[in-house]
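Chemist: Below are the structure tokens for one structure; questions will follow.
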Amino acid sequence: MKLDYGTQLSSFPIKLSIGTLRKPTLNEIGKITFDKFIFYEFLIKMTPELYYTKLLKNNESMEYWLSLSEERKQRITLFELIQKEEILRNLYLEVLNFFFLETVVYQDNHFLLLKGIYVDEKQKNQEIQGIISQENMQEILELLQQICCIYSENENINNMKFKNNLAKKIMNKILKAKKKDNDKIDINLTIPNIISAVCNRHPSLNYTNIGELTIFQLFDSFYRLRTNIIFDINSTSVSVWGDEKKAFDYSFWYMNNYDNK
């Protein structure tokens with residue numbers, strides 16, 4: 001489920017059949033610290049492979065993962081790991097409670113979204129709004145990835161169709177190689193740096209009001225600023241030297257780059 005441009009730009013929460021996803025503001029993220037939010041993003045994009053090789057990060061877990069066949073690796077799901085590991089389960093509870101307006105608890109091998117304030121785990125009359133299970137966990141995580149601007153459709157091999165298992169294995173290897181190239185964090189595109197760049201360039205956004213933006217709104221403003229800078233340079237060049245080849249695009253500054261992706 002891809003969120004449309006209007007839904008992403010809006011500050012209002014996203015109503016789902018199981019609950020309501022809110023879009024945290026920069027102030028809310030800053031309150032829990034940006035470092036902690038980066039870890040939330042890691043969990044949102046985590047795979048079984050990342051769990052064994054990056055999160056646990058010990059020789060025993062690494063050896064276990066390498067000992068598995070490719071077929072077994074592809075069968076393991078993140079939700080299975082969450083069900084087995086209490087520490088991992090608690091981490092996802094923290095993440096889900098940060099993004100959902102409802103209270104999220106873990107009971108009977110599922111995440112339950114409850115209406116109102118959760119008082120006691122033994123309380124039987126708590127109204128259940130929705131359930132996150134093996135079947136819809138990946139979809140929820142992909143929605144969170146979109147809210148955080150870290151989603152890539154190409155990375156989700158489960159949504160791709162293949163003629164046979166060989167084709168799927170080849171694509172899996174290609175995506176793994178691509179992922180290794182992208183493992184390093186671009187320090188120029190971290191949220192704090194983008195906040196600084198936008199505040200010092202935008203005509204109206206500054207450090208006193210930018211905290212009310214969502215992550216998507218921040219990055220949208222940043223990319224629009226970048227587009228406008230390019231447009232201004234090109235338009236100045238055309239005004240001075242002319243546009244003999246008729247290559248200048250007057251609509252460049254307002255082009256919809258989100259829906260074209």
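The values are calculated or read from the model by the stated rules, or taken from the named source; none is laboratory data. No experiment lies behind these values; they were computed from the predicted model shown. Don't worry about glycine lacking a Cβ; one is built from the backbone with ideal geometry, like all the others, and counts go over all protein chains shown. Surface areas here come from the heavy atoms of the whole protein model, side chains and all, with no ligands, DNA or RNA. Shrake-Rupley method; radii C 1.70, N 1.55, O 1.52, S 1.80 Å.
Chemist: What are the residues in segment 2-22 that are over 14 Å from L141 (Cα atoms) and among the small types (G, A, S), if any?
Modeler: G6, S10, S11, S17
Chemist: Scan the helices (runs of 4 or more DSSP H) fully inside segment 1-75 and keep the ones with 3 or more residues being open to solvent by less than 80 Å² (accessible area, probe 1.4 Å) and of a type in the set (A, V, I, L, M, F, W, C).
Modeler: In segment 1-75, the matching helices (runs of 4 or more DSSP H) lie at 26-32, 34-44.
Chemist: Let me ask something else about it. Collect the residues in segment 205-259 that are in contact with a Ser or Thr (Cβ under 8 Å, 6 or more places away or on another chain), open to solvent by 40 Å² or more (accessible area, probe 1.4 Å) and assigned to a helix (DSSP H, G or I), keeping them in residue-number order.
Modeler: E212, F252, W253
Chemist: Further question: Return yes or no: is A177 modelled with pLDDT of 90 or more, in a helix (DSSP H, G or I) and open to solvent by less than 80 Å² (accessible area, probe 1.4 Å)?
Modeler: Details: modelled with pLDDT of 90 or more: no; in a helix (DSSP H, G or I): yes; open to solvent by less than 80 Å² (accessible area, probe 1.4 Å): yes.
Criteria not met by A177.
Chemist: Condition first: under 18 Å from D108 (Cβ atoms) and open to solvent by less than 30 Å² (accessible area, probe 1.4 Å). Now tell me which residues in segment 76-92 satisfy that.
Modeler: Residues of segment 76-92 that are under 18 Å from D108 (Cβ atoms), as a first pass: 77, 79-86, 88-90, 92.
Result: F79, L81, I82, L88, Y92.
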